[in-house]
Amino acid sequence: MFDFAGRKVVVCGGSRGIGRAIALGFAAAGAHVSICARSLGPLEATRAEIAARGVTAHAAALDLADAAAVATYVADAATALGGIDVLVNNASGFGAQDTEEGWAASLNVDVLATTRASRAALPHLKAGTQPSIINISSISGFGPSQRTPAYAAVKALLINYTQSQAAMLARDGIRVNGVAPGSIEFPGGSWEQRRTSDPALYNRILGSIPFGRLGAPEEVADVALFLASPAARWVTGHTVVVDGGQSLS
């Protein structure tokens with residue numbers, strides 16, 4: 001649907017699930033892509049899939065909670081790709097609970113990795129072609145959550161920060177938008193695991209979605225590509241919900 005030939009895209013948290021689908025979507029549209037994540041196996045597998053599209057494929061294994069590692073990765077990605085036109089902040093620490101550990105995981109990855117990657121990429125984005133930042137949030141960020149309070153709170157923060165970034169960077173010609181997925185199922189993902197480990201929760205969520213199924217990563221990726229494309233050239237500061245109507249129930 002989109003042409004990103006020659007564009008340079010960095011996806012933080014790009015080895016599996018939504019991040020992988022976004023990275024492969026950009027590569028299929030002709031973009032050169034860099035991804036990072038912690039697990040080397042899935043990271044290399046996705047890098048190979050990107051390269052198979054005939055584009056530059058760069059990957060690095062790192063902990064996105066490590067500030068120095070994030071800065072180094074973004075600089076290396078810019079060198080490998082020849083610049084940065086699009087930054088996708090997708091990584092999550094999945095710190096769900098209202099505990100020290102839950103908050104630390106969520107803040108260090110979901111929030112601080114986003115701010116750090118954005119700052120590191122900014123000089124490259126300013127010199128880029130139709131530059132944009134896309135922050136992956138969640139529909140959990142639009143309301144309270146008894147089950148995942150820390151996760152919901154940081155996703156709400158990302159929605160607000162997306163608006164702030166958009167306002168701050170508009171003068172530099174950089175658009176900033178977000179995507180808020182609903183419950184997305186993919187091999188090895190949390191919802192696939194809950195199908196068997198917690199079928200009551202899985203079926204309750206399934207029953208809340210008007211279309212009668214959980215979403216697929218590619219359905220989120222399509223919206224991310226749209227937001228980075230010229231078709232969305234007058235869209236900034238918005239977080240688009242991609243949930244099959246889940247949040248309507």
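The values are calculated or read from the model by the stated rules, or taken from the named source; none is laboratory data. From a predicted model like this one, the values you see are computed outputs, not experimental measurements. Counting neighbours? That spans all protein chains shown, and the Cβs are built from the backbone with ideal geometry, glycine included.
If ILE205 satisfies every condition in (1) within 29 Å of PRO131 (Cα to Cα); (2) over 16 Å from the mean Cα position of the chain (by Cα); (3) assigned to a helix (DSSP H, G or I) but one, which is the exception?
Answer for ILE205: the failing condition is (1).
Given the residues LEU201, LEU214, which is the only one that is crowded, with 17+ Cβ neighbours inside 10 Å and on the phi < 0 side of the Ramachandran plot?
LEU214
Would you please list the contacts, defined by Cβ atoms under 6 Å and residues six or more apart or on different chains, that run from a residue in region 209-229 that is within 20 Å of ALA166 (Cα to Cα) and of a type in the set (A, V, I, L, M, F, W, C) to a residue that is in a helix (DSSP H, G or I) and modelled with pLDDT of 95 or more?
Pairs that qualify, where the first residue is within 20 Å of ALA166 (Cα to Cα) and of a type in the set (A, V, I, L, M, F, W, C) and the partner is in a helix (DSSP H, G or I) and modelled with pLDDT of 95 or more, are ALA224/ILE22; LEU225/GLY25; PHE226/ALA232.
Considering only region 75-91, state which residues are over 15 Å from the mean Cα position of the chain (by Cα) and crowded, with 22+ Cβ neighbours inside 10 Å.
Those that are over 15 Å from the mean Cα position of the chain (by Cα) and crowded, with 22+ Cβ neighbours inside 10 Å: ALA77, ALA78, LEU81, ILE84, ASP85.
Of all residues in region 3-50, how many are touching a Phe, Trp or Tyr at 6+ places or on another chain (Cβ under 7 Å) and under 20 Å from ASP76 (Cα atoms)?
5
Among (1) on the phi > 0 side of the Ramachandran plot; (2) buried (at least 23 other Cβ atoms within 10 Å of the Cβ), which single condition is PHE94 missing?
(2)
Give the residues of region 123-139 that are assigned to a helix (DSSP H, G or I), in contact with a strand residue (DSSP E or B) (Cβ under 9 Å, 6 or more places away or on another chain) and within 11 Å of ILE84 (Cα to Cα), sorted by residue number.
Matches in region 123-139: HIS124, LEU125.
Tell me, which strands (runs of 3 or more DSSP E) lie completely within region 3-121 with 2 or more residues that are in contact (Cβ under 8 Å) with a residue 60 or more places away in the chain and closer than 30 Å to PRO230 by Cα?
8-12, 86-89
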